[in-house]
Each structure stands twice: as C-alpha cells, then as structure tokens.
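What follows is a single structure, written as structure tokens, with notes after it.
Here, each number is a calculation from the coordinates, and none is a lab measurement. Keep in mind it's a predicted model, so treat the numbers as computed, not measured. Here Cβ is always computed from backbone atoms with ideal geometry, including for glycine, and neighbour counts include all displayed protein chains.
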Amino acid sequence: MKKPIITISLVVWNGRQYLPQCLESIVNQDFQDFELLILDNGSTDGTREYLADLDAKKYKIAAIEYLPKNIGFAAGHNSLFRQAKGEFVLCLNQDVDLGKNYLLEIVAFFIKNPHTGSAAGVLLQPRNEKRIDPSTALRVDSAGLKIFRNRRIAEIGVAEERPKEVFGVSAAAAVYRMAALKDVAEKENGKDCFFDEDFFSYKEDADLAWRLRHRGWQSFVLPVSGAHIRSAKAEGDSQIKAIFGRAKKSALANFNSQKNHLFAFVKNDFLRNAIIDIIPVLWYELRKFIYIILFEWRTIPAYFVFMARLPKMLKKRRKILAGSFASSNEMRKWFE
C-alpha cells in the first residue's frame with residue numbers, strides 16, 4: 001500500500017462541539033494524499049461516541065485510539081507521531097478550521113525547501129466563539145512564535161503576504177517534517193518523544209522549536225490560513241500584559257505554563273546567552289514570581305516540580321547542546 005505524503009495527528013479532549021467543522025475542513029482540503037490518526041484523551045462530553053460513528057473511508061481515518069484518561073497534549077501527539085506513515089505530519093488542534101489550500105501550499109513549500117523542519121499557516125481568531133469561521137476573523141491569533149531577551153515566548157500577531165522565517169510555529173496547526181522530528185527526538189523508556197512529555201501540555205511547541213533550531217532546521221509561516229477558536233494570543237508584546245493576562249487562564253494552564261517555561265529555558269539556552277541577558281531574564285521572572293505569590297497561589301507548586309525535575313532537565317540539556325549545530329550568536333539573532 002502506498003504511503004501517504006502527510007499524516008494528520010488529531011488529539012481530542014472534550015471537543016465534541018468543534019469536531020464537525022474541524023473534520024470537514026480536513027475532508028475539503030485541495031491536497032488529498034493524507035491519512036488521519038485520532039486519539040481521544042479521555043473525553044466525557046460525547047466525543048467518543050461521535051468519533052465511533054465517523055465514516056473512516058470519508059475522513060481517511062487510519063486509526064482511532066481511545067484512552068481512559070487524559071495523558072496530555074505532548075504524550076497524545078507523540079503516540080500518533082510514532083504511528084505516522086507520512087513524510088510530514090500535521091499536529092492539529094480540535095478547534096481549528098483549515099483553509100482549503102492549507103496542506104497543498106505547506107507540502108509544496110516543504111518539498112522546495114529541504115532544510116525546513118516545521119511550517120504553519122496563519123491562524124485567525126474568529127468573531128463567534130461558538131463557531132469556527134475564517135471569514136469572520138478579527139485578528140491574527142498566531143503567525144508563528146517569537147522569543148524575547150527575557151526568554152518569554154509569544155505568538156506573533158502580524159501576518160505577512162509571503163513566507164516568513166520565524167523562531168518556531170504554534171502546534172495548534174503545525175506541519176513538521178518527520179525526518180526533523182526524528183532528528184531531535186528525546187528518548188523516554190526506549191520510545192522516541194518528539195514533544196517533551198514532562199511538559200504534559202503548554203509550551204511543548206516552544207521547546208520543540210528551540211530543539212529544531214539547535215539542529216539547524218528552519219521554521220516558516222506561510223500566507224495560508226485557518227481559524228483557531230480558542231485563542232492562544234492574549235498578551236501581545238507587553239511583559240506586564242503577559243503577567244496579568246494569566247488571570248484569564250485556568251489554574252492548570254498557569255501551572256503547566258510556568259513549569260514548562262522554566263523547563264524550556266534550562267534545556268535549551270546557551271549559558272553565554274543567559275549571562276548576557278541575565279538582567280531582563282531575572283527582572284521578568286521576579287515580577288512574575290511576585291504576581292504568583294500575591295494572586296496565583298495555585299501556581300506556586302510549579303516551582304517545586306521544576307526543582308524536583310531539574311536534574312532530569314539538565315541531563316536533557318547536555319544531550320541537546322552536545323548535538324547542537326547552532327552557535328550562541330546564531331541563536332541570539334532570534335531574541336527580540
């Protein structure tokens with residue numbers, strides 16, 4: 001049997017209301033040489049029953065896996081990535097509606113640019129939060145990931161009309177070259193882990209973007225679009241807004257976000273660059289820590305988890321830096 005060009009990895013969790021449009025946007029792609037892998041992360045809202053009734057042939061479903069509990073975004077996609085037969089893999093959120101030419105344009109770009117490890121289109125935030133509709137988009141939700149000198153990583157909020165190289169791409173609708181994923185995979189219990197499963201959820205795409213950069217893989221955002229109903233972009237460029245924007249997020253999101261921010265920094269940053277930017281890094285972390293102490297007590301355990309897993313992160317760091325093709329100066333060009 002001929003292998004598909006691209007595998008679509010769809011991890012769902014209590015996403016019954018979003019799935020019809022997400023799946024229809026997949027079926028209606030101009031590019032049809034794909035397979036669809038689905039993992040249900042312990043949904044309790046009728047998602048499992050909905051998935052069980054899908055026409056596997058219509059949606060080109062190669063496999064559906066049902067889990068009794070949520071194992072996290074990272075572990076869920078890793079499980080599907082390991083089953084993928086495609087040369088490329090689309091990591092897709094359940095609340096994303098892809099434009100018809102999304103796969104066609106991105107696959108064509110990959111073929112023409114062999115050093116590209118990841119690429120994505122521009123994700124738009126729709127007006128109606130109960131329905132995904134690119135035509136009613138108010139603003140750019142993500143046009144890639146950027147990193148600041150204080151090591152905060154944020155979504156880019158301005159789209160361009162031509163391919164643009166960026167630090168990394170949002171995993172809400174990111175396409176990765178499988179060879180690049182295997183190149184940066186970390187081993188856990190003898191298995192390849194493309195996203196770091198210690199992250200569980202949140203910022204695993206930032207860590208992966210950093211690791212791809214270490215190995216010399218490029219990342220691009222292309223002028224194709226989709227809609228992302230649950231916005232990832234809340235704070236913009238302002239550090240103060242980033243800190244106080246945490247109040248809009250769930251306690252679990254803030255816990256994982258802070259823990260994983262520290263994990264990614266420790267794993268990937270060159271010591272020389274960290275020393276150069278020590279003042280903006282410490283100033284940002286201090287303000288955030290004060291906010292957490294005063295207003296966000298449930299995030300405090302993130303620091304204890306970070307310290308408990310610090311030896312493991314340092315071990316991963318040694319492997320990442322030992323295999324890095326990038327110099328500290330080359331990495332610095334991405335710090336704004």
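Descriptive notes on the structure:
- Measuring between alpha carbons in the structure, the pairs from Lys69/Lys316; Lys203/Lys333; Lys112/Lys164 lying more than 23 angstrom apart are Lys69/Lys316.
- Mean Kyte hydropathy of -0.5 or more with a Cα span along the axis of at least 27 Å, helices from DSSP in the chain: 301-322
- Charge dipole (Cα centre; +1 on Lys/Arg Cβ, -1 on Asp/Glu Cβ; no other charges) of segment 239-332 amounts to roughly 340 debye.
- Furthest towards positive pole of dipole, Phe295, Gly226, Ile275, structure part the chain, Cβ charges: Ile275
- Net +/- balance of residues flanking Asn28 in space, Cβ distance below 13 Å, scoring K and R +1, D and E -1: 0
- The charge dipole of the chain, taken about its Cα centre with unit charges on the Cβ of Lys, Arg, Asp and Glu (plus for the first two, minus for the last two), comes to roughly 1040 debye.
- Based on C-alpha pairs under 8 angstrom that are at least 6 apart in sequence, segment 6-228 has a relative contact order of 25 percent.
- Rg over Rh for the chain works out to 0.94, using Cα positions for both radii and the Kirkwood form for Rh.
- Cα centroid separation - segment 41-67 against segment 316-333, whole Å: 40 Å
- With the simple spin-label model, which puts each label point 7 Å out from Cα in the Cβ direction, the Leu286 to Lys333 separation comes to 3.3 nm.
- Exposure proxy order (Cβ contacts within 10 Å, fewest to most) of Trp283, Trp217: Trp283, Trp217
- Backbone amide hydrogens, once placed in the peptide plane, bring Val11 within less than 5 Å of Leu39, Leu92, excluding anything fewer than 5 places away on its chain.
- When His228, His214 are sorted by how many other C-beta atoms sit within 10 angstrom of their C-beta, beginning with the fewest, the order is His214, His228.
- Take the Cα of Glu65, step 7 Å toward its Cβ, do the same at Lys249, and the gap between the two points is 2.6 nm.
- Mean separation of Cα contacts under 8 Å (6+ apart) over length of segment 239-332, as relative contact order %: 46 percent
- Antiparallel bridges, percent of DSSP beta bridges restricted to the chain (to nearest 5): 50 percent
- Taking Val175, Val305, Val169 and counting other C-beta atoms within 10 Å, the order from fewest to most: Val305, Val175, Val169
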